[in-house]
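The values are calculated or read from the model by the stated rules, or taken from the named source; none is laboratory data. Computed from a predicted model, the values in this text were never measured in an experiment. Neighbour counts run over all protein chains shown; Cβ positions are idealised from the backbone, glycine included. Heavy atoms of the whole protein, side chains included, go into the accessibility calculation; ligands, DNA and RNA do not. Shrake-Rupley method; radii C 1.70, N 1.55, O 1.52, S 1.80 Å.
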Amino acid sequence: METQSLLVKQQISKSKVKSPSLWKQTYHRLKKNKMAMVSLFFLVFMFLLSFIGPYFSPYILDRTDVANMNQPPSASHWLGTDSYGRDVLTRLMMAGQISLTIGIAAMFLSIIIGSFLGAISGFYRGIVDLVIMRLADILMSIPGLPLLLMMGAILSEWKVPAEYRLYLIMIMLSFVGWPGLARLVRGQILSLKEQPFMQATEVLGLSDRRKIFHHLIPNTVPILLVVATLNVAGSILSESALSYLGLGVVPPTPSWGNMMDAANNFMDFRKRPWLWIPPGTAIFLTVVSINLLGDGLRDALDPKLRR
């Protein structure tokens, strides 16, 4: 009897121990992926450099200095100066702030639009599903970059001021990015609707709004988190391509893309590599880090890999 009572107490004590949450389990699995963790630390460094670094710079962003035009890297200017005598490092940090902000904002807009329309489409089906998915198919059938180039050319033709151009570029990138996300969320919703917890919501008589926003969409968060990281990388690349071609962020507002425009000039390309190598390296390392972190999150959230 004493042995049985002891076993019962052990089982009760085990049942009281809370199992780690999904996010703790994901973090512990992510920590085992060294490349993902290195990428995460690099991205944190880039955010600090871009959003806090400019406050510690002794140089003013747009102040020209004719006496120090096109100077190579030195102790006073770690990454040299450009054709207007402006400090390249200061502009690189501010450009990172613009590029990262555009990428993150475009990602959030894409997720809001795509998850909402995908959830509505998968939940109601019928004519609603048909209209939303056909619209998504039409947008996905148009190559993204040419569409962005056309939109950028229209903004240039209309001479949209630089301060408003940033917001329009965010909207443009989210407009291109939401269809694929909507299809992904729709597939997840169709699968989740067949789960027992959704049958319980039917028995409880919950409203459609509560079912969608309190039960279905929250269960798509893991896959949305992975797609979000990859969308940020895609948005940064698209913005950089537009700005490099003069159709995105325009000077004097710096971005990594329009700083790369120095490579269009043969003399700058050959004689002044400090003008285009730093922004090109920043784009490359940031996008690679985001992709590696996204792959790590996908593996960490994959239920087939859980132990």
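For M260, the criteria (1) open to solvent by less than 40 Å² (accessible area, probe 1.4 Å); (2) in contact with a helix residue (DSSP H, G or I) (Cβ under 6 Å, 6 or more places away or on another chain) hold in every case but one, which is (1). For region 244-257, the candidate set comprises residues that are at pLDDT below 90 and hydrophobic (A, V, I, L, M, F, W, C); within that set, the residue that is surrounded by the most Cβ atoms within 10 Å (Cβ to Cβ) is V249.
Residue check: I113 meets all listed conditions (1) open to solvent by 20 Å² or more (accessible area, probe 1.4 Å); (2) at pLDDT below 90; (3) in a helix (DSSP H, G or I); (4) of a type in the set (A, V, I, L, M) but one, namely (2). For region 164-185, a residue qualifies if it is among the basic types (K, R) and open to solvent by 50 Å² or more (accessible area, probe 1.4 Å), and exactly one does: R183. Exactly one condition in (1) farther than 22 Å from L225 by Cα; (2) in contact with a Pro (Cβ under 8 Å, 6 or more places away or on another chain); (3) open to solvent by 10 Å² or more (accessible area, probe 1.4 Å); (4) not hydroxyl-bearing (S, T, Y) is not met by M140; state its number. All conditions pass for M140, except number (1). Look at region 128-139: where a residue is under 10 Å from A182 (Cβ atoms) and a partner is open to solvent by less than 20 Å² (accessible area, probe 1.4 Å) and assigned to a helix (DSSP H, G or I), sitting 6+ places away or on another chain with Cβ atoms under 7 Å, you get I132/S121; I132/A182; M133/S121; A136/P179; A136/A182; L139/P179. Out of M198, M267, one residue alone is surrounded by fewer than 21 Cβ atoms within 10 Å (Cβ to Cβ) and closer than 30 Å to Y124 by Cα. It is M198. As for region 232-255, it holds no residue that is over 13 Å from L173 (Cβ atoms), touching a residue at least 24 places away in the same chain (Cβ under 8 Å) and part of a helix (DSSP H, G or I). Taken over region 262-307, the residue count meeting the criterion of being at pLDDT below 90 and among the small types (G, A, S) is 5. The condition (being acidic (D, E) and either closer than 26 Å to G294 by Cβ or assigned to a loop (DSSP other than H, G, I, E, B) (or both)) is satisfied by just one residue among E163, E194, E202: E194.
Assess whether A241 counts as being modelled with pLDDT under 85, open to solvent by less than 50 Å² (accessible area, probe 1.4 Å) and either more than 21 Å from A182 (Cα to Cα) or in contact with a Cys (Cβ under 9 Å, 6 or more places away or on another chain) (or both). Against the criterion (modelled with pLDDT under 85, open to solvent by less than 50 Å² (accessible area, probe 1.4 Å) and either more than 21 Å from A182 (Cα to Cα) or in contact with a Cys (Cβ under 9 Å, 6 or more places away or on another chain) (or both)), A241 does not qualify.
Here's the yes/no breakdown for (1) modelled with pLDDT under 90; (2) out of contact with any Ser or Thr (no Cβ under 8 Å at 6 or more places or on another chain); (3) surrounded by fewer than 10 Cβ atoms within 10 Å (Cβ to Cβ); (4) more than 30 Å from S99 (Cα to Cα):
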site	(1), (2), (3), (4)
Q4	yes, yes, yes, yes
K9	yes, yes, no, yes
I12	yes, yes, yes, yes
L22	yes, yes, no, yes
F42	no, no, no, no
M46	no, no, no, no
G53	no, yes, no, no
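Pairs meeting the criteria (first residue in region 261-280 and within 22 Å of I236 (Cβ to Cβ) and aromatic (F, W, Y), second residue open to solvent by less than 40 Å² (accessible area, probe 1.4 Å) and not in a helix (DSSP H, G or I), beta carbons under 8 Å, at least 6 apart or on different chains) are W274/G80. Residues in region 53-94 that are in a loop (DSSP other than H, G, I, E, B), out of contact with any strand residue (DSSP E or B) (no Cβ under 7 Å at 6 or more places or on another chain) and among the aliphatic types (A, V, I, L, M): I60, L61, A75, L79.
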